[in-house]
Amino acid sequence: MKINHPTSLFDAFKQVRPYPTGMTEIKEQINGTAFFPGGCGLWEHSLEGSQSGLPKHPVMILGQDFDTVQGYEQSRKRGHESLVGTWSNLLKLLSRVPIAKTECFFTNAFPGLRKGRRNTGRSPAWDDGNFVERCRRFFVEEQLAVIQPSALVLLGIEPFRFIATIVREPKINLKQSDGFRAIDGHGWGLIHAASLNGAEQTLDIATITHPCIPSNRRYRSYKGMRGPEAELLILRSISSNK
């Protein structure tokens with residue numbers, strides 16, 4: 001399937017159906033700024049503007065899933081996602097690298113909504129192995145193929161788990177990656193020129209703590225740096241190789 005922009009990509013994610021018990025499908029996109037598939041995945045773009053506004057080889061920012069049903073409805077009525085919490089912390093971090101927010105595509109591993117009240121922690125998507133595999137296939141065959149990112153930034157441990165099994169080189173042992181200390185200890189916090197099963201291009205993959213829990217940055221280490229400065233160095237290293 002040939003897709004030219006994020007709004008058409010929204011139509012393509014129907015292939016991940018059916019959804020697990022704890023999740024439901026997003027039926028309509030939010031018009032303003034919002035992670036894909038809740039919105040077009042671009043900073044300050046309307047759905048109409050996204051058709052011509054996709055940056056060339058953007059940095060792909062990958063979260064776990066979009067939100068709860070209630071959170072999505074609030075964002076839809078507002079016209080954009082809330083820009084406090086995850087968004088504000090992420091934008092502050094990107095500005096320090098710097099990575100321009102207008103040169104990013106913001107998306108999720110699991111294109112759906114949680115039926116419960118919590119929008120943090122382990123997604124109910126993980127309860128259905130077949131759904132997870134359909135989402136991985138959609139990520140490689142559609143999201144990566146269409147967006148063609150220059151680099152991939154993973155927001156937390158769960159997106160790392162999602163990507164780890166489709167990284168062909170280097171091999172990642174999920175049993176040895178149960179926290180940031182383990183991930184950094186094996187050198188997986190930043191993987192240069194990673195190859196993914198089913199994808200043509202190689203790309204840098206950086207894993208950072210989820211922006212809604214910035215305190216977890218204290219566990220990070222990279223090239224002799226520790227804490228928040230280690231995470232900044234990780235991101236600066238992918239930025240300098242774009």
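Remarks
- About the Cα centre, charge dipole magnitude for the stretch 175-242 (Lys/Arg +1, Asp/Glu -1 at Cβ), debye: 260
- Which of 204, 128, 65, 178 has the fewest Cβ neighbours within 10 Å, and the rest in rising order: 178, 128, 204, 65
- Taking the helices alone, the chain has a mean residue ellipticity at 222 nm of -7500 deg cm²/dmol, built from -39,500 (n - 2.57) per DSSP H run of at least 4 residues and averaged over all its residues.
- Subset of 27/77; 27/115; 101/223 violating a 19 Å alpha-carbon distance limit: 101/223
- Sparse packing (at most 11 other Cβ atoms within 10 Å of the Cβ) combined with a DSSP loop state is found for the following trypsin sites (Lys or Arg not before Pro) in the stretch 107-150: 117, 118.
- Taking trypsin sites (Lys or Arg not before Pro) across the stretch 146-201, the ones in a DSSP loop with at most 16 further Cβ atoms lying within 10 angstrom of their Cβ are 171.
- The residues neighbouring residue 232, those whose beta-carbon lies less than 10 Å from its own, together hold a net charge of +2 under the Lys/Arg +1, Asp/Glu -1 convention.
- Shown for the stretch 122-242 is the translational diffusion coefficient from the Stokes-Einstein equation, using the Kirkwood radius over Cα pairs, a temperature of 20 °C and a viscosity of 1.002 mPa s: 145 µm²/s.
- What the phi angles of the stretch 80-86 give under the Karplus curve with 6.51, -1.76 and 1.60, with θ = phi - 60°, is a coupling list of 6, 5, 4, 9, 9, x, 3 Hz, glycine and proline written as x.
- Residues 88, 123 arranged by fewest to most Cβ contacts within 10 Å: 88, 123
- Our note on the geometry: Cα centres of the stretch 74-150 and the stretch 163-234, 17 Å apart.
- Top positive-direction residue, dipole computed over the chain with Cβ charges, set 155, 196, 143: 155
- Among the GluC sites (Glu not before Pro) in the stretch 143-242, those placed in a DSSP loop whose Cβ has at most 15 other Cβ atoms within 10 Å are 200.
- Amide H contacts of residue 210 (H built 1.01 Å from N, in plane; Pro and chain starts excluded): 156, 157 sit under 5 Å, all sequence-distant by 5 or more or on other chains.
- From the coordinates shown, Cα extents along the principal axes in Å corresponds to which of (i) 84, 33, 28; (ii) 112, 40, 36; (iii) 46, 36, 35: (iii)
Each value in this text was obtained by applying a stated rule to the coordinates, not by laboratory testing. Here the structure is a predicted model, which means the values were calculated and not measured. Virtual Cβ from ideal backbone geometry, glycine too; neighbours counted across all protein chains shown.
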